[in-house]
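Worksheet: one structure, shown below.
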Amino acid sequence: MAQERFAEVIVEPSAVVLRGPQAVHSLLVTGKTADGQLVDLTHDATYRSAQLSVAKVTGAGVVRGVANGR
């Protein structure tokens, strides 16, 4: 993606609930162009966890529970 502009970026699901410290969930990131074309950005996106003590996220968008939390 050579600096392509997107009218909208969608992350699905918009919220993740992990039940237990071994829970795993994958994120899907999609860019929507001005003409409505959808582009999978999952592997181009940058991810980070707001609470590393509760969950970690890989560069591929896989969220893994570390401990119980909110």
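Coordinate-derived values only; no laboratory data. For clarity, every value in this text was computed on a predicted model and none was experimentally measured. Every residue, glycine as well, gets a Cβ built from its backbone with ideal geometry; the counts of neighbours run over all protein chains shown.
Structure above, values below:
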quantity: Principal axes of the chain: Cα extent on each, largest first, Å; calculated: 42, 19, 15
quantity: Inter-label distance for H25 and Y47, nm, one decimal - labels placed 7 Å from Cα along Cα-to-Cβ; calculated: 1.2 nm
